[in-house]
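Trainee: Submitted below is the structure of interest, expressed as structure tokens.
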Amino acid sequence: MTSPHRLAQSRRLIVKIGSALLVDPETLEIRRRWLDALADDVAACRARGQEVLIVTSGAIAVGRSGLGLAHRPVKLEEKQAAAAVGQIRLAQLYQETLARHGLSVGQILLTREDTEARRRHLNARATINQLLALGVVPVINENDTVTTSEIRFGDNDRLAARVAQMISADTLILLSDIDGLYTANPRTDSTARHLPEIAELTPEIEAMAGPPLPGMSSGGMVTKLAAARIAMAAGCRMLIAQGHVDHPLAAIEAGARVSWFLPSAEPLTARKRWIAGSVAPSGTVVVDLGAIKALHSGRSLLPAGIVAVEGAFERGDAILVRGQDGHVIARGLTAYASADVALLLGHKSGEIENLLGYRGRDEIIHRDDLVVG
């Protein structure tokens, strides 16, 4: 494995755990020894300064056991009830196992709309970032208590990729029952060849994915490649690794066979490409020469440099940044609605709370959400 791909070099990584790894298919009980070993790996990553998030399945399986629904088909409403029971148990187990290392856990339940509706996306991202800033390990699951077949992800591979996109993670690990992508199903084709690196999801690569194997997992290689497409577009590298081993993250670092999906851009670069080319602006702020100079030097847009607001926009919308001569300087995602920006223009960031009655971000547009030129 070449050095740019080493797990130890990741700044912000997401570990996705499927039901088939976490829950025994016969008893529907958590594999606690395996979970403890994974928690040891997570703690090791945290000890060297990495931020770690966990995207987990298993709530419905655990809840079914507790409700006596273990070994029969269940209706959607019963799945939702099982998720409500199982989510509490899962959160408790993650808290217990990570507490052995002095780590706290925060549970976040998401639906697809939370990642696709812009304002809900921003709120979820802000919560996750704050948890990480406070040293908490976010444990994320699809909110199966309220989702229906129309709005649910259907698998946590894509959920994990959406979260990676949301928070600009640089590495996504999909722990699986297979050690990567093969040219064919290695269980049925002895000529199947393992692919250690994939730089582009060509039609030929996508054709290598087969249907999911029988069992509790709702995903398969098809959903993993769908997750790879999302992650790579966001500049996040993704790997598929064998999860049916103790200490799976340590095994990856020790050289276990995996498949890396390598993007062509870093997370921030990909995010800024999206801002620059894929988002229609909802309004405009006009800035003075001092602000223009600051933006060109790589700084954020502060309220003190804004002289006018044009159009109506909400927090999280894409807006243009224009000079007083009408020239477009930049575009970005605003942290405040137009009505609030109108109250803040020309003022210092320290005055925000007095002017608005609450304290938001110091910047109208943070440099990470800004594309100049």
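The values are calculated or read from the model by the stated rules, or taken from the named source; none is laboratory data. Source: prediction; values computed, not measured. All Cβ positions, glycine included, derive from the backbone under ideal geometry; neighbour counts span all protein chains shown. Keep in mind that these areas ignore ligands, DNA and RNA; they rest on the heavy atoms of the full protein, side chains included. Shrake-Rupley method; radii C 1.70, N 1.55, O 1.52, S 1.80 Å.
Trainee: Of the residues in the range 315-372, how many are of a type in the set (D, E, K, R) and over 17 Å from Ala280 (Cβ atoms)? It would help to see each step written out before you state the result.
Mentor: Of the range 315-372, the ones of a type in the set (D, E, K, R) are 315, 317, 322, 325, 331, 340, 348, 351, 353, 359, 361-363, 367-369.
Cutting the leftovers down to over 17 Å from Ala280 (Cβ atoms) gives us 325, 340, 348, 351, 353, 359, 361-363, 367-368.
Summing the residues that are of a type in the set (D, E, K, R) and over 17 Å from Ala280 (Cβ atoms) in the range 315-372 gives 11.
Trainee: Right, next: Which numbered condition trips up Gly290, out of (1) open to solvent by 40 Å² or more (accessible area, probe 1.4 Å); (2) at pLDDT 90 or above; (3) more than 30 Å from Ile329 (Cβ to Cβ)?
Mentor: (3)
Trainee: Across the range 295-345, what is the total count of residues that are among the polar types (S, T, N, Q), closer than 28 Å to Asp114 by Cβ, open to solvent by 10 Å² or more (accessible area, probe 1.4 Å) and in a loop (DSSP other than H, G, I, E, B)? Give the derivation first.
Mentor: From the range 295-345, those among the polar types (S, T, N, Q) are 297, 300, 324, 334, 338; that's our starting set.
Okay, now just the ones that are also closer than 28 Å to Asp114 by Cβ, so 300, 334, 338.
Applying the additional criterion that residues be open to solvent by 10 Å² or more (accessible area, probe 1.4 Å) yields 300, 338.
Those still in the list that are in a loop (DSSP other than H, G, I, E, B) too: 300.
Qualifying residue count, the range 295-345: 1.
Trainee: Here is a follow-up. Out of the residues in the range 247-257 that are open to solvent by 10 Å² or more (accessible area, probe 1.4 Å) and outside any loop (DSSP other than H, G, I, E, B), which is nearest to Asp179 (Cα to Cα)?
Mentor: From the range 247-257, those open to solvent by 10 Å² or more (accessible area, probe 1.4 Å) are 247, 250-251, 253-257; that's our starting set.
Next cut, outside any loop (DSSP other than H, G, I, E, B) only: 250-251, 253.
Values: Ala250: 14, Ala251: 11, Glu253: 14 Å.
Filtering first and then ranking leaves Ala251.
Trainee: Looking only at the range 1-56, count how many residues are of a type in the set (Gly, Ala, Ser), farther than 13 Å from Leu93 by Cα and surrounded by 21 or more Cβ atoms within 10 Å (Cβ to Cβ).
Mentor: Qualifying residue count, the range 1-56: 3.
Trainee: Can you pull out the helices (runs of 4 or more DSSP H) entirely within the range 1-105 that have at least 2 residues that are at pLDDT below 95 and farther than 22 Å from Gln130 by Cα?
Mentor: Details: elements: 19-22, 32-47, 59-66, 76-99.
Qualifying helices (runs of 4 or more DSSP H): 19-22, 59-66, 76-99.
Trainee: Same structure again: Could you list all residues from the range 40-57 that are free of Cβ contacts under 8 Å to residues at least 60 places away in the same chain and closer than 17 Å to Ala160 by Cβ?
Mentor: At the first step, the residues of the range 40-57 found to be free of Cβ contacts under 8 Å to residues at least 60 places away in the same chain are 47-50.
The answer is Gln50, and nothing else.
Trainee: Name every residue in the range 235-246 that is surrounded by fewer than 22 Cβ atoms within 10 Å (Cβ to Cβ) and not in a strand (DSSP E or B), in order of residue number.
Mentor: Within the range 235-246, His244, Val245, Asp246 qualify.
Trainee: How many residues are under 32 Å from the mean Cα position of the chain (by Cα), farther than 16 Å from Glu310 by Cβ and of a type outside the set (A, V, I, L, M) if we restrict to the range 328-351?
Mentor: 2
Trainee: Identify, please: which residue in the range 128-155 is crowded, with 16+ Cβ neighbours inside 10 Å and polar (S, T, N, Q) and is, among those, modelled with the lowest pLDDT?
Mentor: Thr147
Trainee: Taking Leu201 as the residue in question, decide whether it is modelled with pLDDT of 90 or more, under 28 Å from Ala8 (Cβ atoms), part of a loop (DSSP other than H, G, I, E, B) and out of contact with any Asp or Glu (no Cβ under 8 Å at 6 or more places or on another chain). Explain how you work it out, then say what you get.
Mentor: Details: modelled with pLDDT of 90 or more: yes; under 28 Å from Ala8 (Cβ atoms): yes; part of a loop (DSSP other than H, G, I, E, B): yes; out of contact with any Asp or Glu (no Cβ under 8 Å at 6 or more places or on another chain): yes.
Judged against the criteria, Leu201 is a match.
Trainee: Quick one: in the range 58-80, which of the residues that are in contact with a Lys or Arg (Cβ under 9 Å, 6 or more places away or on another chain), open to solvent by 50 Å² or more (accessible area, probe 1.4 Å) and touching a residue at least 12 places away in the same chain (Cβ under 8 Å) is farthest from Val245 (Cα to Cα)?
Mentor: For the range 58-80, the residue satisfying everything is Lys79.
Trainee: Which of the residues belonging to the range 267-293 are in a helix (DSSP H, G or I) and within 26 Å of the chain's Cα centre (by Cα)?
Mentor: Initially, the range 267-293 is screened for residues in a helix (DSSP H, G or I), giving 267-278, 289-293.
Matches in the range 267-293: Pro267, Leu268, Thr269, Ala270, Arg271, Lys272, Arg273, Trp274, Ile275, Ala276, Gly277, Ser278.
Trainee: Looking at Thr111, Thr97, which is the one that is within 27 Å of Ile230 (Cα to Cα) and not hydrophobic (A, V, I, L, M, F, W, C)?
Mentor: Every option except Thr111 fails the conditions.
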